[in-house]
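J.: Pasting a structure here, questions to come.
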Amino acid sequence: SKAVVSTQSTGTVRDILNNITNNMLGSSATFRSPHDQLSYIRNSKYTQLYLLINNIDGANLRNEKSQMLLAELAAIDHVHVIATIDHINAPLLWDADKSKLFNWLWFDCTTFEGYTDETSIETSLMVKQTGAIALSSMTHVLRSLTPNARGIFKLLATFQQDSGPEFQGITFQDFYIKCREKFLVNSDATLRTQLTEFKDHMLIKTRNVDGSEALYIPVEPKILQQFLESEF
């Protein structure tokens, strides 16, 4: 039997895998990891499964983890990936290992038409009037930081996400204690220096909560969750 799955780049790699396992293969199982889903797909009943990805180099898919999972998916014998790219440098996403797994056949299908349709789906990922930052910008900046800096940001992001929609922020002192417990900083001066760098890049902001200055990440919960899943 055959199945065809189509997806836009506004979805995440988890959305793609869920679409295949839950909707196409009819699984109701709870998978512990994306690799468990890949194993399930590898042993599926379909003899041929075609995955159509519009803009595989889109903001939600261009991170290392997503591209590796997609490459492993493409390497499954009965899975065939048909994808488009928008950026001329998109092939730089694939090192030798990923290129071998994807095993692309290349076709130049340039239309020379405007990008009206493509840009119409990007509004959810762009900087908004609320000051929220783009997922792609956040990812780019974080990858240039030290492991400790990434750990500090992950700690704040995880705490904010776990706190739910009522989260207004966390005071510097409370966050300093959490960072000390995780051995991420050895003094409040070290943390202040790192937070200043985050603020310069607009990764975090502060606001007054009950008379105290509170730290928070100015992104929507869905975007923050996508970031945590893709980068950590």
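J.: List pairs: first residue in segment 17-35 and within 14 Å of L69 (Cα to Cα), second residue part of a helix (DSSP H, G or I) and basic (K, R) anywhere in the structure, Cβ distance under 7 angstrom, at least six positions apart or on different chains.
T.: Close Cβ pairs (under 7 Å, with a partner that is part of a helix (DSSP H, G or I) and basic (K, R)) amount to P34/R14.
J.: Let me ask something additional. Is there any pair linking a residue in segment 157-171 that is among the aliphatic types (A, V, I, L, M) to one that is crowded, with 16+ Cβ neighbours inside 10 Å, with Cβ under 7 Å and at least six apart or on different chains, and which?
T.: That search, which allows pairs on different chains as well, returns A157/I217; A157/L224; A157/F227; I170/F159; I170/A214; I170/L215.
J.: Tell me which residues, restricted to segment 195-213, are under 16 Å from T171 (Cβ atoms) and part of a helix (DSSP H, G or I). Before you say what the answer is, go through the steps one by one.
T.: Just the residues of segment 195-213 that are under 16 Å from T171 (Cβ atoms), to begin with: 195, 198-199, 204-213.
Once the filter is applied, which keeps residues that are under 16 Å from T171 (Cβ atoms) and part of a helix (DSSP H, G or I), segment 195-213 yields L195, F198, K199.
J.: Mind checking which residues of segment 184-228 are at pLDDT 90 or above, open to solvent by less than 40 Å² (accessible area, probe 1.4 Å) and in contact with a Gly (Cβ under 8 Å, 6 or more places away or on another chain)?
T.: Answer for segment 184-228, where residues must be at pLDDT 90 or above, open to solvent by less than 40 Å² (accessible area, probe 1.4 Å) and in contact with a Gly (Cβ under 8 Å, 6 or more places away or on another chain): L184, A214, L215, Y216.
J.: Let me ask you something else. Among what's in segment 74-92 and is at pLDDT 90 or above, open to solvent by 40 Å² or more (accessible area, probe 1.4 Å) and hydrophobic (A, V, I, L, M, F, W, C), pick the residue that is nearest to R62 (Cα to Cα).
T.: I82
J.: In addition: In segment 94-130, what residues are modelled with pLDDT under 90, of a type in the set (A, V, I, L, M) and not in a loop (DSSP other than H, G, I, E, B)?
T.: The one that is modelled with pLDDT under 90, of a type in the set (A, V, I, L, M) and not in a loop (DSSP other than H, G, I, E, B): L125.
J.: Output the residue which, of all residues in segment 196-228 that are free of Cβ contacts under 8 Å to residues at least 24 places away in the same chain and not basic (K, R), is farthest from R14 (Cα to Cα). Step through it out loud before you land on a result.
T.: Initially, segment 196-228 is screened for residues free of Cβ contacts under 8 Å to residues at least 24 places away in the same chain, giving 196, 199-200, 208, 210-211, 222.
With the extra rule that they be not basic (K, R), the set shrinks to 196, 200, 208, 210-211.
Numbers: T196: 33, D200: 31, N208: 36, D210: 38, G211: 40 Å.
That would be G211.
J.: Kindly indicate whether S33 is of a type in the set (S, T, Y) and under 29 Å from S137 (Cα atoms). Show your work before the answer.
T.: Working: of a type in the set (S, T, Y): yes; under 29 Å from S137 (Cα atoms): yes.
So S33 fits the description; yes.
Every residue, every condition in (1) of a type in the set (A, V, I, L, M); (2) modelled with pLDDT under 75; (3) in a loop (DSSP other than H, G, I, E, B), yes or no:
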residue	(1), (2), (3)
I133	yes, yes, yes
S137	no, yes, no
A157	yes, no, no
Q161	no, no, no
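The values are calculated or read from the model by the stated rules, or taken from the named source; none is laboratory data. Treat the numbers as computed from the prediction; the structure is a model and nothing was measured. Cβ: placed from backbone, ideal geometry, glycine included. Neighbour counts: every protein chain shown. Just the protein is used for accessible areas: all its heavy atoms, side chains included, with ligands, DNA and RNA removed. Shrake-Rupley method; radii C 1.70, N 1.55, O 1.52, S 1.80 Å.
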